[in-house]
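J.: Pasting a structure below so you can have a look.
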Amino acid sequence: MTQAFSFQLQATDGKARTGRIDTPRGAIRTPAFMPVGTAATVKAMLPGSVRETGADILLGNTYHLMLRPGAERVARLGGLHRFMNWPHPILTDSGGFQVMSLASLRKLDEEGVRFKSHIDGSSHHLTPERSMEIQRLLGSDIVMAFDECPALPATEEAVARSMRLSMRWAQRSRDAFGDRPGHALFGIQQGGVSHELRGESAEKLKEIQFDGYAIGGLAVGEGQEAMFGVLDYAPDMLPQDRPRYLMGVGKPDDIVGAVARGVDMMDCVLPSRSGRTGQAWTRRGQVNLRNARHQDDPRPLDESCACPCCRGYSRAYLHHVVRAQEIIASMLLTWHNLLYYQTLMQDMRDAIAAARFGAFVAEFDRLRAEGDIERL
């Protein structure tokens, strides 16, 4: 793989951007939504089915994969792409967020984080250098710098201390990543909801120089209004000629709002997790298939959707298999949700390219405000 990682901005409409990231394993159309394959699988989906929904790239999770089955084992078996039968681009997160949210008995210091596994209690030490090594063993195409993500709300002093530690870790991640042609390293902006701290973080990341830049520390309890308040300025602090990745977002209206503010990439477990709990996402908002109003409804979930769920099954059937806890319910609803998300991304790319993004957002909001259509 000798092709370099590159990003081409193709069109803008206001702050909304559409473009293309090229990697040796294929192109990523932006704005891009990355389905989450936490443990080397998008739950309830075959890799080929995920690809059929329109996904160009998946996200893998460093923390979970280092604990099970182990990065060294994945490397011996040919790397993450071969291991999970996904020959297309993969982004791996650094593991920092999961250490903070899932691990027990954490001890944080300048060197890194010592913690006990949530699986078996085994002890581990994750540092910027070890995170880079794990992601190299996995073979991911886009590697994330190791950072700390404090939960919000937090004091500005705590957020500043955490951000500056993350910036020191960003430099160590850059140094440890080295020169890996065809692979990219993204830095992560931190700073909570502080304009000043976000600016300081962005300047440090630009000084270090990365292939792309993530906006971290959002969607961690601050609410959509506060998140959008940060996104009104944070993407503009980052280089125009590099991809901008908003981590862990989100609901469809979060995604549309983020794209309107200049974000290029997003990921979230929501479409697949919702599919496993009887929740569907449609143009008219969220639909709960557990509700009794669906039990005699012969209509498809969404008459405009071409997924197997909507082409072949009624709301009544979906209600039945959800209530009966049949595996097919997770399969069908996850496929539908992932296709809805990818269709949303394609619609936004088309709208930006045609300079009609404002009209797209107005129609998106109108349909969501109308809500799911009741059976007549």
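J.: Nothing charged except the Cβ atoms of Lys and Arg (+1) and of Asp and Glu (-1): what's the magnitude of the dipole of segment 6-267 about its Cα centre? Round to the nearest 20 debye.
T.: Working: 30 positive and 33 negative charges, 172 e Å.
Using only the charged Cβ atoms, the result is roughly 820 debye.
J.: Simple spin-label model, 7 Å along Cα-to-Cβ: N85 to I328 in nm?
T.: 2.1 nm
J.: Let me ask another. Under a straight-distance cross-link criterion of Cα-Cα below 23 Å, which lysines are reachable from K251, leaving out those fewer than 8 residues away in the same chain?
T.: List returned: K15, K43.
J.: Additional query: For segment 26-67, list residues with backbone N below 18 Å from a point placed 7 Å from the Cα of S123 toward its Cβ?
T.: 67
J.: Can I ask one more? Can you give the FRET efficiency to the nearest 0.05 for S304 and S6, using r as the Cβ-Cβ distance and R₀ = 30 Å?
T.: Details: r = 35 Å, r/R0 = 1.17.
Calculated transfer efficiency: 0.30.
J.: Show that you can apply the helix-only estimate: for the chain, add -39,500 (n - 2.57) for every DSSP H stretch of four or more residues, divide by all residues, and state [θ] at 222 nm to the nearest 500.
T.: Values: 15 runs with 155 residues, N = 376.
That comes out to -12000 deg cm²/dmol.
J.: Another question about this same structure. Of the chain, which part is the longest with no GluC sites (Glu not before Pro) in a loop (DSSP not H, G, I, E, B) and with at most 11 other C-beta atoms within 10 angstrom? List each step's numbers first, then the result.
T.: Working: sites that count: E110, E303, E374.
It works out to 111-302.
J.: Quick check: Cα centre of segment 321-361 to Cα centre of segment 253-278, how many Å?
T.: First find each Cα centre; the distance between them is then 10 Å.
J.: A further question follows. Can you list the trypsin sites (Lys or Arg not before Pro) in segment 1-96 that are in a DSSP coil and have 15 or fewer other beta carbons within 10 angstrom?
T.: Numbers: sites: K15, R17, R20, R25, R29, K43, R51, R73, R76, R82; in loops: K15, R25, K43.
Within segment 1-96, the qualifying trypsin sites (Lys or Arg not before Pro) (loop, at most 15 other Cβ atoms within 10 Å) are K15.
J.: I've got another one for you. In nanometres, what is the gap between the two model label sites at H320 and R106, each 7 Å from Cα along Cα-to-Cβ?
T.: About 4.6 nm, to one decimal.
J.: Please list the non-local residues whose amide H lies under 5 Å from the amide H of A11, H modeled 1.01 Å from N, same-chain partners needing a gap of 5 or more.
T.: T18
J.: Compactness ratio of segment 253-361: Cα Rg over 2.2 N^0.38 Å, N = residue count?
T.: Working: Rg = 15.0 Å, N = 109, 2.2 N^0.38 = 13.1 Å.
Ratio of Rg to 2.2 N^0.38 Å for segment 253-361: 1.14.
J.: Counting only the backbone N, which residues of segment 9-29 are under 19 Å from the spot 7 Å out from the Cα of D236 toward its beta-carbon?
T.: Counting only backbone N, you get 12-18.
J.: Additional query: Assign unit charges at the C-beta atoms only (+1 for Lys and Arg, -1 for Asp and Glu), then state the dipole size of segment 275-370 relative to its Cα centre in Debye, rounded to the nearest 20.
T.: 160 debye
J.: Same structure again: Please give the contour-minus-distance gain from D347 to E133: 0.36 nm per residue of separation, less the Cα-Cα distance, rounded to one decimal in nm.
T.: On the way: separation 214, 0.36 × 214 = 77.04 nm, distance 3.75 nm.
Full extension of this stretch gives 73.3 nm more.
J.: Moving to a separate point now. Report relative contact order for the chain in percent, whole number only (criteria: Cα-Cα under 8 Å, sequence separation at least 6).
T.: Working: 744 pairs, mean separation 65.1, N = 376.
About 17 percent, as a whole number.
J.: Does anything in segment 207-230 have its amide N under 20 Å from the 7 Å Cα→Cβ label point of D179, and if so which residues?
T.: 208-212
J.: By how many nm would the segment from R168 to A354 lengthen if fully extended, with 0.36 nm per residue of separation less the alpha-carbon distance? Don't jump to the answer; show the numbers that get you there.
T.: Details: separation 186, 0.36 × 186 = 66.96 nm, distance 4.17 nm.
Stretched out fully, the R168 to A354 stretch lengthens by 62.8 nm.
J.: Give the percent of DSSP beta bridges with both residues in the chain that are antiparallel, rounded to the nearest 5. Kindly include the intermediate steps, with their values, before the conclusion.
T.: On the way: 23 of 45 bridges.
Taking every DSSP beta bridge with both residues in the chain, the antiparallel ones total about 50 percent.
J.: For the chain, modelled as a Gaussian network with Cα springs under 10 Å, which listed residue fluctuates most, L333, L46, L58?
T.: L46
J.: Can you work out ³J(HN,Hα) from phi for every residue in segment 273-290, in order, using Karplus 6.51 cos²θ - 1.76 cosθ + 1.60 and θ = phi - 60°, giving whole Hz and x for Gly and Pro?
T.: For segment 273-290, the Karplus curve yields 5, 4, x, 8, 10, x, 9, 10, 9, 9, 4, 9, x, 8, 10, 9, 6, 6 Hz.
J.: Calculate the length of the line joining the C-alpha centroid of segment 86-145 to that of segment 228-244, in whole Å.
T.: Result: 26 Å between the Cα centres.
FYI, it's all coordinate maths here, none of it is from the lab. Predicted model, so just to flag it, every value in this text is computed and none were measured. Neighbour counts run over all protein chains shown; Cβ positions are idealised from the backbone, glycine included.
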